[in-house]
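These notes concern the structure reproduced below.
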Amino acid sequence: MISNQAKKQIDVWVAKYPIGRQSSAVMEALKIVQAENENRLSADIIQAVADYLDMPSIAAQEVATFYENYNHKSVGKHTIRICHNISCMLNGADDLVKYLEKKLGVKTGKVTKNGLVNVKKVECLGACVGAPMFQIGEQYYENLTKQKIDEIVDNLK
Amino acid sequence: MNEVCFKNLDKKKCYSLKVYEQSGGYSIWRKILKGELTPEEIIDELKASGLRGRGGAGFPTGLKWSFMPRNASMQKYVVCNSDEGEPGTCKDRDILRYNPHAVIEGMAIGGFVMNASVGYNYIRGEFMEPFKRFEGALKEVYKAGLLGKNIGASGVSFDLHTHLGAGAYICGEETALLESIEGKKGQPRFKPPFPANVGLFGQPTTINNTESFASVPEILSQGGQWFADIGVENSGGCKLFSVTGHVQKPSNFEVPMGIPFKDLLEMAGGIKKGRKLKAVIPGGSSTPVLTAEVAMEMTMDYDGIEKAGSMLGAGSVIVMDDSTCMVATLTRLAHFYYDESCGQCTPCREGTGWLYRVLKRIMDGDGKADDIDLLLGVSDKIMGNTICALGDAAAMPVESFLRNFRPEFEYYIKHGKSMVKG
Amino acid sequence: MADIEIEIDGNLVSAKAGEMLIAVTDREGISVPRFCYHKKLSVAANCRMCLVDVEGAPKPQPACSTPINEGMKVHTNNEKVKASQKAVMEFLLINHPLDCPICDQGGECELQDVAMDYGSDVSRFSEGKRVVVDGDIGPLIQTDMTRCIHCTRCVRFGAEIGGIMEMGGTGRGEDLKIEPFLAEGIQSELSGNMIDVCPVGALTSKPFRYELRTWQMNSVSNIARHDLTGSNIVTQTYKGRVKRIVAKDNDSVNETWISDRDRFSYEGLAHENRLLSPQIKVKGEWREVSWDEALEFAMRGLTDKVLNTGEANKLGALASNTATLEEFHLLQKLLREVGSENIDYRLNIKDLENTVTLESNIKLAGLEGVDHVLIIGSNPRLEQPMINHRLRKASLSGASIDVINVMAFDFNYQLNSENIVTPNQIAFMLAEVLKLILQASNAEIPEALSKIEASDTAKQLADRLLDADNSVIILGEHMVNNPQASSIAQLINEIAQQTNSTTLNISATANSMAGDLTEFVPGKKGLDANAMLATGLKAYILLDVYPHFDFHHPAQAIKALSKKDAFVISMNSFKDEAVAQYSDVMLPIASFYETSGSHINIEGKVQSFCASVSAPSDVKPAWKVLKVLADLLQLPGFHFANSMQVTSEISNQGHKQNVSNKKLDIKVKRSVNVIWQKSPYAVDALSRHASALQATKIGQMHSASMNKATAKKLEVAENDNYLGVPVSIRESVANNCVFVNTNKPIRGEL
């Protein structure tokens, strides 16, 4: 359920916390294992992480459902996380969401037919001076325009 | 401008150890390692500097550090709050990207002062670029032998780790952040006990904002009085302001406290062409909104903004021009708090959703005449009754938007459409 | 902590510094509404209902999490407080369904009660209410999570008391949902307490669902007799039936908790398998008769078979360990009056010359104060849940706990060491420990120990006992049939004396302490249970005995009891095929809660109870049956009008178990040892007939665990039948050991 490589990565995080506090690493462990499983978590995966970190499964499940960055349903290969909070909204984020939906032919929350992309409206990502903005993977894209979106999205593979 | 956290902003590879050290970086830390500075001296300088917590609460940093039971034998922790998530705020991201070493040195100094040999920097999960920058900087310092156990046989130990968030605004609340480092849901703890007594892993802990830590080394290098003199009475030093929204050149500005708002607006290129200033949220989405008239008279310091009827918060100045529909804007903010409530305590869990639903109904054209009273009533019932400040943060915008822009709401309820957008 | 004075609503009140305000108001009888606060759980401060006004504080403060300090002035019912409490109440109610009329909690709902005082009759909330989809969390607890107010008492109960976090709060904000991990269900042996702590109708008793409103029932205090605690309970009855059981507070016994077994076993009372009328066997055929006829028949049988022939010594009495103190007393008195001392309740022990006699000399509440525990041969969590709860509390306050067991069990606290030892080696290991302890005090080493070279494990165990100031050694059920049982008990006794440890003997359960106290054991001229069956008596009186479950060798016992010339009187509360096979008279007797009597718990506390309901149909309390039988036999001294008169006849001098002085046997033998145990919900007839309990995972426990090497030796594989029980191969079992845990009648021979 958890690859050896993932275990190694998790262990790096575990080492940051005092002995016996390995469950501190659960947030990263879930991310690491999620990345290995088509970017989504299942009950089995959560259970495996909980077992690996010797913590109650329900405690891992609490974490997995509390934080925004875990997926419990299928997502695209790329998730476009577009900010729609105040500074971005003032700079036209809502229009860009509509533009993205039209361009990709899917509503937010749904995955494109080819499984490549889904759009998710998110709260403030802390890049308000670059509004409007979105995040794909680890990368922030700021000062978005429709033209810029075309360039970015068309290059997603 | 750009005297403290952004000191090296114009230099190439400003985030590197080399550049940081060339401009005097780690000189305080090296002094500490040589035994040339005492915790008391540092606390005195910080108190003199007038540095107040840059995360939003504005608690004097020197005082906070003095609360730690530094002589108690148990493990103590120093924690940096880089979970920047307050809408309108994006300064800590730039500090982490462009001056990570100032944060590291600030934390190390804090660790020394409070006799805490371990620190954690909690960086929000989405900040992968800043996280990698910070990790890179950490590697450099460890390699340079500036961190670790019994550093250079000085008897001083300090280990610093990062912890990544995973998407929860509430983790910016310091006790929720501690819970999160412990691998739990980010649910704020009730106080007392305060973190200085029972904090991370149950041990005494001090939590400061990224900007606060990053300011410490320069303050100690230049002297507390130097810093205090940059600012005004009761608001020492300079401060990062994120100016966003309807301005020509949104940006982060490190400027002296007490600068008039209109000057700051001008630095950001002023309002977009052909538009007029309508409203300003001066300290991030949780702080009360101000009308243009009030804002234009305001100075950007703790007392100045409070006098204007709001709060300095994290220094996140959200500027709105006359094309802004205040109903839509408040609805968006209400949605944010509804989405981000941790759900732990009753008024916030139940109240934020109620506020949002009433506003959404108004936006959908189904508003009722008594909805404004209802909104005021609900926000009043959340206010002051919750475990943490998120409840208040959700309630305050409602009250201030309705107080300052009530006719827009009445219009929307009556006509089922926006007075501004039509 | 020093006493200080604070002012509450204008009155001076003294309290201890650092105490939470709510503890003070509760003590003073000042009403402060609350939902999340529970005196036995950690403070959560999340419901915000207990907000009060503390002078000087800008915001209202929750009484549950506000420590008091000198001079504090508090208002619990001024306008500010009322406004806050009303506000919280309004928020709690907006998403709470208005389904009180169909809610099982109706009438005992904390939300309903507080809403009467603080709620508003008209809701300003016109949006849609939250609906939560329920998962099935098991046979005991019914969930209606739409009613949940997120107080997290159940979550905290699991994490803090149950010792396993089973419930959690998933999601966040308005979507916060209290649930177990993906509905895998709740498995704690204490889970039913979540029903008691839930302030609303979100968690209710599943067997009780839609049965009755709480105000329709009578509440009668009673004592649970399934284990050595004697938990205090309240039986709630309606029209002569027990409909529900809830915990009753008694800090020195069960605090505020009860085990699931105590809570849900009552279901068995209404089982169709109850024996409801007296029957006699005439020419091999069972015939239902009147009590008069049945007792007459029984009396005649005894008279003809043994009394008139001068063979009183051919009469024996055997009883199950769930008998009441009074039943034990009357039956042994009857036997002794007619001149027989063939009396025994120890039916499950192979060698009654070699038993684990060891006294218990620590109080239940005392257990939580120990700093070290050594457990030998027990899985206390499932066997003695409330004793285990005290041990868990000791562990949480820092006690170290060492275990010597034949297999690894799921403890709900941290163990210092868990030593999995082959049954044949346990005596030797204890001998090693004893030797080390004697050496440490420069005491003389007895000859038997002289050749021992102590292992590191023994050294660590000994060191712990020597270091501890207040340790307890616990002897468990798994040792009762150990070939070196009496040596094990002797060694423990000696180790305890040398280290000033207390001892706790939990090797027998239910009301066995009463069996000892009433001397329901053979007298000097009497035979023990095994000897009676081996010799073959001419008449027996059996009190609630179910041979397949109660005897260590059922087949032999049944064979002995079925002998043609043996006259068997069986008093049972449930029907049983084997009983019907060997008996000549079957007398239906009252089960738990249908009779008055007494239970003696592990600390010797006598707890008497009245009948909560009368027994069904023609069923009579056993004490009455025994009294009438004695009267018919014209025996003196049975003029009892009620069971209390019986109780007062029994002198409670406490029963001291004299440790055997048999020669110490610590020789390690190499044979396979079978430890046979009834699964936790099969310990007595009532539990076995409680359908919800039987449907739980614990109720379903039925396996013969052994490791690979043992399986190879016995030539069995996973899921094969071994002694009629499916084999489960796991390495957590000691070598040369089979640990059988069964919920079924024993078919195989040991």
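The values are calculated or read from the model by the stated rules, or taken from the named source; none is laboratory data. Computed from a predicted model, the values in this text were never measured in an experiment. Counting neighbours? That spans all protein chains shown, and the Cβs are built from the backbone with ideal geometry, glycine included. Please note that ligands, DNA and RNA were not included when accessible areas were found on the heavy atoms of the full protein model with its side chains. Shrake-Rupley method; radii C 1.70, N 1.55, O 1.52, S 1.80 Å.
Between the alpha-carbon centres of the range A:94-153 and the range B:1-22 there is a gap of 33 Å. Quick one: which of A:Lys120/B:Lys91; C:Lys243/C:Lys559; B:Lys184/C:Lys248; C:Lys129/C:Lys248 span more than 29 angstrom between C-alpha atoms? From A:Lys120/B:Lys91; C:Lys243/C:Lys559; B:Lys184/C:Lys248; C:Lys129/C:Lys248, over 29 Å: C:Lys243/C:Lys559; B:Lys184/C:Lys248; C:Lys129/C:Lys248. The stretch between C:Tyr238 and C:Asn661 holds 147.0 nm of extra length on full extension. This uses 0.36 nm per residue minus the Cα-Cα distance.
Neighbouring Cβ atoms from other chains, within 10 Å of the Cβ of residues in B:365-378, number 1 on average. Straight-distance candidates among the lysines for linking to C:Lys459, with alpha-carbon spacing under 19 Å and chain neighbours fewer than 8 residues away dropped: C:Lys435, C:Lys451. Each label point was placed 7 Å from the Cα along the Cα-to-Cβ direction; for B:Glu129 and C:Val122 their separation is 5.6 nm.
Expressed as a rounded percentage, what relative contact order does chain C have, with Cα pairs under 8 Å and six or more residues apart?
Details: 1591 pairs, mean separation 102.0, N = 750.
Computed over chain C, the figure is 14 percent.
Per residue of C:46-53, other chain Cβ atoms within 10 Å of the residue Cβ number 4 on average. Of all lysines in the structure, those lying under 18 Å Cα to Cα from B:Lys278, and not within fewer than 8 positions of it along the same chain, are B:Lys249, B:Lys262, B:Lys421.
Around C:Asn500, under 14 Å between beta carbons, what's the net of Lys plus Arg minus Asp minus Glu among the other residues?
Numbers: positive: C:Arg464; negative: C:Asp371, C:Asp467, C:Asp469, C:Glu494.
With Lys, Arg at +1 and Asp, Glu at -1, the net is -3.
Going by the alpha-carbon gyration tensor, a ≥ b ≥ c the square roots of its eigenvalues, is the range C:673-742 rounded (a/c under 1.5) or, if a/c is not under 1.5, prolate (a/b greater than b/c) versus oblate?
Numbers: a/c = 2.67, a/b = 2.39, b/c = 1.12.
Here the range C:673-742 falls in the prolate category.
Over the protein assembly as shown, what percent of the accessible surface lies on carbon and sulfur atoms, probe 1.4 Å? Reported share for carbon and sulfur atoms: 49 percent.
Sort C:335-343, C:78-86 by the packing proxy (mean of other Cβ within 10 Å over each peptide's residues), most packed first.
Numbers: C:335-343: 21.1, C:78-86: 16.8.
Highest mean packing first, the order is C:335-343, C:78-86.
Summarising the label geometry, the points placed 7 Å from Cα in the beta-carbon direction at C:Glu5 and C:Glu577 lie 7.7 nm from one another.
What does the structure give for A:87-96 when I average, per residue, the other chain Cβ atoms found within 10 Å of the residue Cβ?
Working: counts 15, 4, 8, 15, 6, 0, 1, 2, 0, 0.
Partner Cβ neighbours, averaged per residue: 5.
When the C-alpha to C-alpha distance is required to be over 30 Å, the pairs from A:Lys7/A:Lys73; A:Lys31/C:Lys59; B:Lys368/C:Lys82; B:Lys11/B:Lys143 that qualify are A:Lys31/C:Lys59. Cysteine residues of chain C whose C-beta has no other cysteine C-beta under 4.7 angstrom: C:Cys50, C:Cys64, C:Cys100, C:Cys103, C:Cys109, C:Cys148, C:Cys154, C:Cys198, C:Cys610, C:Cys737. Site pair C:Val668 and C:Glu447 shows an inter-label distance of 2.4 nm when each label is modelled 7 Å from Cα along Cα→Cβ. In the range A:52-86, the residues that give up 40 Å² or more of accessible area when the other protein chains are added, compared with the chain on its own (1.4 Å probe), are A:Ile58, A:Gln61, A:Glu62, A:Thr65, A:Phe66, A:Tyr67, A:Glu68, A:Asn69, A:His84, A:Asn85, A:Ile86.
When DSSP beta bridges are restricted to pairs lying wholly in chain B, around 45% turn out antiparallel.
What the Cβ-Cβ distance of C:Trp291 and C:Asn78 gives, at R0 = 56 Å and to the nearest 0.05, is a FRET efficiency of 0.25.
Keeping all protein chains in place, calculate the accessible area per residue for chain C (probe 1.4 angstrom), answer in Å². Spell out each step's value before the answer.
Working: 28520 Å² over 750 residues.
Solvent-accessible surface per residue comes out at 38 Å².
Summed for both chains, how many Å² of accessible area, to the nearest 100, are buried between B and C with a 1.4 Å probe? Don't skip to the answer; put the middle values down first.
On the way: alone 17270 and 30410 Å², together 44850 Å².
Summed over both sides, the interface buries about 2800 Å².
Just for the protein assembly as shown, what percent of DSSP beta bridges are antiparallel, to the closest 5?
Working: 73 of 147 bridges.
Of the beta bridges lying entirely in the protein assembly as shown, close to 50 percent run antiparallel.
Residues in the range C:217-259, backbone N under 16 Å from the label point at C:Ser397 (7 Å along the Cα-to-beta-carbon vector): list them, ranges by number please. Within reach of a label on C:Ser397: C:251-256. For the protein assembly as shown, the dipole from Cβ point charges (+1 on Lys and Arg, -1 on Asp and Glu) about the Cα centre works out to 2760 debye, to the nearest 20. Apply 1/(1 + (r/R0)^6) to the Cβ-Cβ distance of B:Asp364 and B:Lys276, taking R0 = 45 Å, and write down the FRET efficiency to the nearest 0.05. The computed FRET efficiency comes out at 0.95. Using a 1.4 Å probe over protein heavy atoms, the accessible area lost on pairing B with A, summed over both chains, comes to approximately 3800 Å². Working from Cα pairs under 8 Å separated by at least six residues, relative contact order for chain A is 18 percent.
Sorting the Cα pairs of chain B by distance into bins of 10 Å, from 0 upward, gives 5, 22, 31, 25, 12, 5, 1, 0 percent per bin.
Packing here is the average count of other Cβ atoms within 10 Å per residue, and on that basis the peptides B:284-292, C:301-309, highest first, run B:284-292, C:301-309. Listed by number, the DSSP H helices of chain C that run 18 Å or longer by alpha-carbon position along their axis and have mean Kyte hydropathy of at least 0.0 are C:79-94, C:325-338, C:423-440, C:485-499. Entry comment: accessible area of chain B is 33 Å² per residue, from protein heavy atoms only and a probe of 1.4 Å.
Along the positive direction of the dipole of chain B (beta-carbon charges: Lys, Arg +1; Asp, Glu -1; about the Cα centre), which of B:Leu374, B:Cys388, B:Gly167 reaches farthest? Of B:Leu374, B:Cys388, B:Gly167, it is B:Gly167. Using a Gaussian network model of chain B in which every pair of alpha carbons under 10 angstrom is joined by a spring, one finds that among B:Asp322, B:Asp303, B:Asp373 the greatest mean-square fluctuation is at B:Asp373. Once the mean of 1/r is taken over each pair of separate Cα atoms and inverted, the range B:132-236 shows a Kirkwood hydrodynamic radius of 16.4 Å.
Looking at chain C alone, DSSP beta bridges between its own residues are antiparallel in about 50 percent of cases. Estimated purely from DSSP H runs of n ≥ 4, each contributing -39500 (n - 2.57), the mean residue ellipticity at 222 nm for the protein assembly as shown is -10000 deg cm²/dmol once divided by its residues. The aspartates and glutamates whose alpha-carbon is closer than 12 Å to the alpha-carbon of C:Lys206, local same-chain residues fewer than 8 away aside, are C:Asp104, C:Asp136, C:Asp144, C:Glu267. A Förster distance of 35 Å, applied to the separation of the beta-carbon atoms of C:Ser42 and A:Asp44, puts the FRET efficiency at 0.65.
Highest mean first, how do B:330-341, B:380-391 rank when packing is the count of other Cβ atoms within 10 Å averaged over residues?
B:330-341, B:380-391
Can you flag which of C:Lys350/C:Lys744; C:Lys563/C:Lys662; C:Lys40/C:Lys177; A:Lys146/B:Lys239; A:Lys121/A:Lys157; C:Lys281/C:Lys620 are past 26 Å Cα-Cα?
Values: C:Lys350/C:Lys744 20 Å; C:Lys563/C:Lys662 34 Å; C:Lys40/C:Lys177 23 Å; A:Lys146/B:Lys239 34 Å; A:Lys121/A:Lys157 21 Å; C:Lys281/C:Lys620 20 Å.
Cα-Cα > 26 Å for C:Lys563/C:Lys662; A:Lys146/B:Lys239; rest within.
Across all Cα atoms of chain A, the radius of gyration (one decimal) and Dmax (whole number) stand at 17.5, 51 Å.
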